[in-house]
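In what follows, a single structure is set out as structure tokens and then discussed.
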Ligand SMILES: Cc1ncc(COP(=O)(O)O)c(C=O)c1O
């Protein structure tokens, strides 16, 4: 039998250092509802799952109630007479959404959900012709994107197995290098119709070089679109300046707008008003000023609003507005600065924990190649089981992606240094050291 290890603190980083950092560098946690802990010795959860579902801003409930109240008082007249009239309800969301992703207001709209938007945008921007039919994605693309592009290939009568190219990291590496993508585009780009990548990869947390890959894809004659589910509200974006053709993102992760919240869509100015682009239409695709003339033929505006189809769900728009106001008030540059500090702190603590345990961080170490998330690969046992134990024994909420990844996202709006400390402390207590 081995002699027991001498008693030692689980982490060399002291807990009160985390508290000191929180005092020096506070976020905006007070503006959010933080769930109670499910276990452990602290009352609140250490919530590191904002990359999956962001926390509820305290302001959201009252804003929603105000919209419900307008409906109860005004009935159908709320379309024009509500304090925030429903007919143009999406319009005030456009400018803050555009600021968030570095776009012009005419290029940005909040509508539908993410995969739906990707499909509607692919109707316009995936146009296979002659030998140029391929769609390039990451091998570790979120499955919804993989299913979406495969179904688009089938929709065009193409074989998805031949049409969809899945880029893999080099053997022994966890993440794609920019040159893996640009190299493929330089070599095979004349066969590529569409590049559709995740700006920040959902699994590894890698931030791709969006401007470099966009430039390489366009130089090869392809259209370049981005799924920004894990990038919007996480990293600074300049979609207009980078020349991105189109993009879509959800609002339920870093944008804290609630489960299944409405998504965003971006179409670059150079495509707006182009009558040669196919688009699916409904009554919200036509210009607002003549919508109620009830004519049989649409007159779409030269903005991304032309990609809208139906009248929007008002009670889903309020939470997005509340969230975007918060991002405007705090500002992405300040959030990114705090995010870099928080994630670097978590990384430092994880370095200690992983040194003698079967755990490895697979997210790039270069802060410019990642957002706030760090992903841990579990060398032994089940990721789901580990996430469950972290939650029930320590009140640490993270999420598992089978078979072997647990993801931790210190979100700069509401996560704390102490949350990061709790993650490392809980891992140290839960995963046995090998020496
Ligand atoms: C990267 C990415 N793409 C697409 C989706 C699917 O989004 P939705 O269900 O809103 O269409 C998700 C959901 O988490 C995601 O993380």
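Values quoted throughout were computed directly from the atomic coordinates according to the rules given, and no laboratory measurement underlies them. Predicted model, so just to flag it, every value in this text is computed and none were measured. Ideal geometry is used to build each Cβ from the backbone, glycine not excepted, and the neighbour counts take in all protein chains shown.
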Helix 383-394: inclination vs the chain longest Cα principal axis, degrees, rounded to 10, gives 70
Tilt relative to the chain, helix 210-219 - C-alpha long axis, 0 to 90 degrees, to 10 = 40
Determine the gain in length on full extension of the stretch residue 432-residue 382; use 0.36 nm per residue of separation and subtract their C-alpha separation, reporting nm with one decimal.
-> 16.6 nm
At 222 nm, what helix-only mean residue ellipticity would the chain give, in deg cm²/dmol to the nearest 500, using -39500 (n - 2.57) for each DSSP H run of four or more?
-> -11500 deg cm²/dmol
Using R₀ = 35 Å, calculate the FRET efficiency as 1/(1 + (r/R₀)^6) where r is the Cβ-Cβ separation of residue 215 and residue 402; round to 0.05.
-> 0.50
Taking only the alpha carbons of the chain, what extent do you get along each of the three principal axes, in Å, biggest first?
-> 83, 60, 32
What is the distance, in nm, between label points placed 7 Å from the Cα along the Cα-to-Cβ direction at residue 352 and at residue 28?
-> 3.1
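What FRET efficiency, computed as 1/(1 + (r/R0)^6) with R0 = 25 Å and r the Cβ-Cβ distance, is obtained for residue 334 and residue 83, rounded to the nearest 0.05? Write down the numbers at each step before the final one.
Numbers: r = 30 Å, r/R0 = 1.21.
Efficiency, from the Cβ-Cβ distance: 0.25.
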Ranked output for segments 228-240, 135-147 by mean other Cβ atoms within 10 Å, highest leading, reads 228-240, 135-147
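I need the per residue convex hull volume for segment 90-311, using only the alpha carbons, in cubic angstrom as a whole number.
On the way: hull volume 26.4 nm³, N = 222.
Dividing the Cα hull volume of segment 90-311 by its residues yields 119 Å³.
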Extension length gain for residue 61 and residue 95 (0.36 nm per residue less Cα distance), in nm, is 10.0 nm
